[in-house]
Structure formats: C-alpha cells, structure tokens
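Following: one structure in structure tokens, then a few remarks.
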Amino acid sequence: MKKTTVAAALVTGTVLAAGIFAKCDVFEENVIADVRTEDETEKSETEDNSSRIDTSAPVLAGSRIAVVSKSVSGEFWDMVHKGMEDAVKDLNTAYGFKSDDQIKMTFEGPDNELNVEEQVNTLDAVIAENPSVLCFSASDMNSCQAQLETATENDIPVIIFDSNISENELVTGFYGTDNERVGEISGEKMAEALNEKGSILIFSAQEKTESSQKRVSGFKNAIAEYTDMEVVQEIYADQVEDMSVAMQEALAENPDTAGVYCTNADVSELYLSLEQTEEELPVMIGVDATTKQQQAVKDGREYGIVSQDPYEMGYQTILAAAKVTDPENRVAEGTVFLEPAWIDTTNLENPEYSNYLYKK
C-alpha cells in the first residue's frame, strides 16, 4: 500500500497564460500573499488592484461583458460575482473610463445548477444581444456547442470559467480551479482518515459537468493507490429524481460505508442535511467551504473540505475578458488553473485561508 503526503498548505495557482497584470508574479501575489481582513478587503480591494493593472494592454472603451453562470445562487457564486464586479470597477478606475466609456457587465444564469435548459436559453438570449465578450460556466459540457459556434461566427470571444466545455477550439481562455487536483487531495485525505482501507460512496453534482468529472476521476485515481480502498457506488444529482432519497438508499444498501465524498457545495450541504445517528456517520469530505460546511468541520461531522477561491476566479475571468475586447489586439489566453486548498480544524480560523472560506 502507498501513503502519499498531500500538501495542505495554500499554494500558488498554476499560471499557463499571462493575465492583464503587468507580471505573472503579481497574479500569484493576488492569489496567496494579498491576505487581508474582511474589513480591510472591503476598504482597499478596488484601490489596490486597480493600481496594479497593466494598462498597456489594449482594452476597448465601452465594452460589454456578458456572463452566463452555471448558477446565480449560493455562496460560491455570490463570491464569483463579487470578484467580477470588483474587477470591472478596477478596470474602469485603472483605464480612466467614465460615463459611456466604462466597461459594463451583466451576470445571468439559472438559480439551480441542474437547470441546463434554462442556462442554454439564457445563453441564446445573451448571444443575440451581441456582447463584446462572453464569459461562460457550463452546466453541461456538451449542451452549448451550437450557441458557442454562433458566438464564434459573430466574432464574440468566449472566456470559460469554473467548468469547461468539450470543444476547446471555441474557447479563447479558461480560468478555474484545478479540479483534478481537488479530487486528488480529497482522495489522499480520505485515505489518511480511513487508515487506507474501507468502502466509499461518491455523491456528485451533474455527471455532464466537466468540473464534476475531473473531481471524481482525480479522487478515484488517488485511492486506486490503496489496495484496501474502493468506491462501491457513484451517484450523480442529474441522474436521479431525488438526490436526498438516492443518498439515503445508497447508505442503506452499503451499511459498511466508511467514507463519503461530496463533489460540490450543493451536494455536500444536501448530505449534511440527512438524518443520521452519530454512530453510523461515515467520514465525510466535501468540496467548497460554505458556512454550513465550516460549521460541520467544527462540529466533527465533516473531516475536511477541499475549497476554491471563487472571488479570485471571478476577478481573473473579467481581467481576461477585458483583454480580448479589442479585436485588433486579441490574444488567446490559454488555461489558468487556481490551486485548491485543504480546510480542516487546523486552519479553519487561519486568516491566510480567508479567501477559501465562503461567506453569506
């Protein structure tokens, strides 16, 4: 059997493409070292970031950035939205855009990540309005190809955030968490918690979402290194009529379950809402450090959380979108991964991890 130590410390994002900041190391500072209290962040975020934006990058005045998100509800998406709003403010400040010259942003999407049809309809309506740039997070990686082809035909560059699509040639850039790494950390931490043995249930978000697929594959690859650990069942929210009922049935059918892995905030919170006696609680590892999950870690109901930095994801997505507004100076952004962080009782109160702890 193999035992691998997973770095629980907060580490830099892997930057595979240049951002709009003057230097790549400034991006790294924004991810890691720029740690402030909540009050300090509210007072100085716009001022500090606008002063560091490289205004030599051409940005078209009066550009309109349209964001179609996987969802517009929940703590994760609220923080993504806040990062995007702050980025727009900082860009307008840095470039001195006023009145009609200001960059504008719309943020739309369904209230539920499972509502793929509503997201596609929103995407249709947004593309018909011919925005300068489209930023998109896909609920279903295969459902929106026709819409994105239309965007390409109309010279609307597409920046993907959070969850990618299957046809990468339609995309100008991707900004999101390294979801394979999310799964790997979760798997290694599960092995640590279970002493490298036991059966595991995976409760996941949509099967057709790229982020979910990578989080599951990363987890399974990690525990495959341990001969006495196995995943006995995988359940996806979009493949069952009632996810809560499906979870209860899986637990009943597998009474010896030692561990449960939940791949996003919605699924993690749904699992924590199940009625279970303390004697039968498996070790639970979730993704996205919502306030409910933070409390579950404190209460001992959740072993730990692999969390993202949604504010930074939103902020960097808008910077990338601004950079491709000028059709005469448009450069493919490539892929930028932000590194996830492990959250447990040892660092839950550590201010260095504040960007990874979601707030209502």
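The values are calculated or read from the model by the stated rules, or taken from the named source; none is laboratory data. The shown structure was predicted, so the numbers you read here are calculated from the model rather than taken from an experiment. Methodologically, a virtual Cβ is constructed for each residue, glycine included, from the backbone with ideal geometry; neighbour enumeration extends over all protein chains shown. For accessibility, only protein heavy atoms count, side chains too; no ligands or nucleic acids. Shrake-Rupley method; radii C 1.70, N 1.55, O 1.52, S 1.80 Å.
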Please find, within segment 187-213, the residue that is nearest to Gly300 (Cα to Cα) out of those that are polar (S, T, N, Q) and open to solvent by 20 Å² or more (accessible area, probe 1.4 Å).
Asn195
Okay, helices (runs of 4 or more DSSP H) sitting entirely in segment 234-303 with 3 or more residues that are at negative phi and more than 20 Å from the chain's Cα centre (by Cα), I get 243-253, 291-299
Can you pull out the strands (runs of 3 or more DSSP E) entirely within segment 153-227 that have at least 2 residues that are closer than 24 Å to Ala66 by Cβ and touching a Leu at 6+ places or on another chain (Cβ under 8 Å)?
158-161, 173-177
Scanning segment 319-333 residue by residue, those within 22 Å of the chain's Cα centre (by Cα), open to solvent by 10 Å² or more (accessible area, probe 1.4 Å) and among the hydrophobic types (A, V, I, L, M, F, W, C) turn out to be Ala332
In this structure, does Ser50 turn out to be modelled with pLDDT under 95, in contact with a Ser or Thr (Cβ under 8 Å, 6 or more places away or on another chain), among the small types (Gly, Ala, Ser) and within 28 Å of Glu328 (Cα to Cα)?
yes
Look through segment 54-70, keep the residues that are in contact (Cβ under 8 Å) with a residue 60 or more places away in the chain and among the hydroxyl-bearing types (Ser, Thr, Tyr), and return whichever of them is surrounded by the most Cβ atoms within 10 Å (Cβ to Cβ).
Ser69
Filter segment 71-100 down to the residues that are among the hydrophobic types (A, V, I, L, M, F, W, C), in contact with a Gly (Cβ under 9 Å, 6 or more places away or on another chain) and touching a residue at least 60 places away in the same chain (Cβ under 8 Å) and list them by number.
Trp77, Met79, Val80, Met84, Ala87
Looking at (1) open to solvent by 20 Å² or more (accessible area, probe 1.4 Å); (2) farther than 11 Å from Gly183 by Cβ; (3) in a helix (DSSP H, G or I); (4) not acidic (Asp, Glu), which is the one condition that is false for Val231?
(3)
